[in-house]
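A quick write-up on the structure given underneath.
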Amino acid sequence: MFALKRGLSVAVALSAALLSGQAFAAGTNGPAHGLAMHGAPKYPSDFAHFDYVNPNAPKGGTRTTEAIGTYDSFNPFIIRGNPATGVALLYDTLTVQAADEPFTQYCLLCDTMEVPDDRTWVQFTLRDDARWHDGMPITADDVIFTFNTLREQGAPFYRFYYADVVSADRIDDRTVRFDFGDVQNPELPLIIGQLMVLPKHYWDGRDFNSTTLDPPLGSGPYRIADFEPGRFIVYERVSDYWGEVHPTQVGYYNLDTIRYEYFRDRTISREAFKAGDLDLWVENSSSQWATAFDTPAVRAGLIVRDEIPHQRAQGMQGYVINLRRPLFEDRRVREALGLAYDFEWLNQNISYGLLKRTDSYFDNSELGSTGLLADADPVEQAILEQYRGRVPDEVFTEVFEPPQTDGSGPRGIRGNLRKAKQLLEEAGWVIRDNNLVHGESGERFEFEILLNSPAAERSALPYARNLERLGITATVRVVDASQFRNRIDEFDFDLVTGIWGQSLSPGNEQREFWGSEAALRSGSRNLIGIQDPVIDELIELVITAPDRETLVQRTRALDRVLLWGHYLVPHFHVAEDRIAYWDKFGRPEATPLRGTQLQTWWIDVDKEAELAERRRAL
């Protein structure tokens, strides 16, 4: 016990120092080719290509894949309109993230980047051979124009994401510097490096804040070749792309043509893939993966079904409970809603046992909290000890585990429903005439589960039936893609499926996910509507983590508080990418941390010719 207390006292002192805002990030010690969030970049300045690509991959061929819904704009940077899938292929960024490191950025448009040890500024010197598709050079003016335009006229996300940038200054034609004042945010130089640069001369005289179907000018590996709004869009590889031999681009973008065909829903597009109208399919439904591919083409080996393991943090998927609705303000009510979700029955009867229940906002990684806090690292304990009385008591006393059943259905979930009923009664809800109503106001407990795909009804309808046994009326409603996006942007929903992907190096995006300011801003990712000063402080601790180990402990502390808030009903995840494809592709042997990179695949002409013959014979 003495050793534990002594460890805690040391950790409390350490945590107090870190809470003061001090961060001890490393700089680049002069102009450099890359920057790691923690530690040094894996690849040296003279590296030829990433380890997970095939540098000799042949160029050529076409890949046709699906897109769902519709589009009416080639401007993905504003909140208006529905942007076309794949538009990012038109643009280059200042730096490129390596897929086999937690968070390291390597120069692309920049020749070098430089940051001081306190990371209060970053300076990029641009390559002199970087060009727009019209042949004009990419300059510091383009970078500054892009940054200012996105922050002033782009989607609200950009103003929030770049809030800590004090100034963006042109040093000369090829050099631009971003200053952050005295803000301790060591991730900012890497975030600025991810800036997708736009051409100033193209946008002069155009209304940036409007949707457009004029193919825009870019600098990236592809340009728009053909399109019909809402039906398809075709991208063609730029034959004289300036960056083709750049080490971050070698082995990438091997296809001459990338085509997206639009469909109303994935049921239809899946059938189009099996019929041969699409070349590749990424499956997100375990039940479909188990049952929908028993076809002659699969049995004959013409379609390959691969399960490619990855080490990505899985983040969180679940039924988001909108805290903006007074109905869900009480944490006991939210916990009761979670008790009515029967994952084990769904997994066995709908998903063929292929899913794993998600029990962390950072699942499938070292970043997720586990076990009792008393058994956790002293640093995590010390961080949370400062918030005792301001976070749920269970943070300190219990292990968070999503409710479980035996998978038998109505009988197996009885115990959880009894617990849910007790929680609802404690929160003032009682049964009258088979309906759950509030004892004081008489308000009925009813809400809507909003979906954007009929396929999602397979899990939503059984959930609604379990809620009905509690006297709760949950209406399941499916809307089209445009209406769904508009309602999500305006937080016009009760429950909706939310998905938050996580990187292996969480940082600024956590403000957008769970921060109080984001909760008030239309179009933000804080779908839940969390406004909690404790969570705001924990987010800032994550952002200012001075090293990898501290980042891990701070993220686990944030995770633990989010979990015990019962802000959503956790769903499930898989730890591999499920990809089916007609057997004409080659792909690199190595799979990086972030999983297979589809843009490193190529067309194998011998396989393609053989596939054509085998399909004719089928």
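Summary of values
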item: Full-extension gain in nm, ASP433 to ASN209, via 0.36 nm per residue minus C-alpha separation; result: 75.4 nm
item: Radius, Kirkwood style, for the chain when every pair of distinct Cα atoms is counted (Å); result: 26.4 Å
item: Debye, to nearest 20: dipole size of the chain, +1 on Lys, Arg Cβ, -1 on Asp, Glu Cβ; result: 1520 debye
item: Relative contact order of the chain, pairs being alpha-carbon contacts under 8 Å that are 6 or more residues apart, as %; result: 21 percent
item: Alpha-carbon centroid distance for the pair region 368-426 / region 305-342, whole angstrom; result: 14 Å
item: Cβ-Cβ FRET estimate between ARG305 and LEU461, R0 fixed at 35 Å, reported to 0.05; result: 0.80
item: Region 87-132-region 233-251 distance, computed between alpha-carbon centres (Å); result: 17 Å
item: Normalised per residue, the volume of the convex hull around the Cα set of region 316-573 (Å³); result: 130 Å³
item: Part-to-part distance (alpha-carbon centres) for region 499-513 and region 563-613, which is given in Å; result: 22 Å
item: Straight-distance crosslink candidates among lysines, where the alpha carbon sits under 17 Å from LYS607 and sequence neighbours closer than 8 are dropped; result: LYS59, LYS584
item: Antiparallel DSSP beta bridges within region 316-573, percent to nearest 5; result: 65 percent
item: Relative contact order (%) - region 316-573, alpha-carbon pairs under 8 angstrom, separation at least six; result: 34 percent
item: Neighbour-count order for VAL115, VAL430, VAL183, VAL569, fewest beta carbons within 10 angstrom listed first; result: VAL430, VAL183, VAL569, VAL115
item: For TYR235, TYR319, TYR241, order by how many other beta-carbon atoms lie within 10 Å, fewest first; result: TYR241, TYR319, TYR235
item: Peptides 305-318, 499-512 ordered by average Cβ neighbours within 10 Å, highest first; result: 499-512, 305-318
item: Gain in span if fully extended, ILE171 to ARG469, counting 0.36 nm per residue against the direct Cα distance; result: 100.6 nm
item: Cα-based reach from LYS421 at 13 Å (exclusive), listing aspartates and glutamates while leaving out same-chain residues under 8 positions away; result: GLU335, GLU468
item: Signed unit charges on C-beta, dipole axis of region 316-573, positive-most listed residue ALA340, VAL552, LEU327; result: ALA340
item: The chain: calculated mean residue ellipticity at 222 nm from DSSP helix runs of at least 4, using -39500 (n - 2.57); result: -8500 deg cm²/dmol
item: Net charge dipole size for region 316-573 [Lys, Arg +1 and Asp, Glu -1 on Cβ; Debye, nearest 20]; result: 760 debye
item: Gain in span if fully extended, ARG411 to ALA290, counting 0.36 nm per residue against the direct Cα distance; result: 40.9 nm
item: Under Karplus coefficients 6.51, -1.76 and 1.60, residue-wise ³J(HN,Hα) of region 97-112 in Hz, glycine/proline x; result: 7, 6, 7, 10, 9, x, 6, 9, 10, 10, 4, 10, 5, 8, 8, 9
item: Residue among TYR581, LEU520, ALA617 farthest towards the positive dipole end of the chain, charges placed on Cβ; result: ALA617
item: Debye intensity ratio in log₁₀ form over the Cα atoms of region 127-221, taken at each q of 0.11, 0.19, 0.22 Å⁻¹; result: -0.34, -1.00, -1.27
item: Within region 243-341: Cβ-based charge dipole about Cα centre, in debye rounded to nearest 20 (Lys, Arg +1; Asp, Glu -1); result: 540 debye
item: R0 of 41 Å, Cβ-Cβ distance ASP182-ALA590: FRET efficiency to nearest 0.05; result: 0.45
item: Distance cut-off 24 Å, percentage of C-alpha pairs in region 28-139 lying past it; result: 46 percent
item: Dipole-positive endmost among VAL569, PHE227, SER351 within the chain (Cβ charges, Cα centre); result: SER351
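Bear in mind these aren't lab numbers, they're just calculated from the coordinates by the rules spelled out. All values derive from a computational prediction rather than experimental measurement. Because the Cβ atoms are built from the backbone with ideal geometry, glycine has one as well, and the counts that use them run over all protein chains shown.
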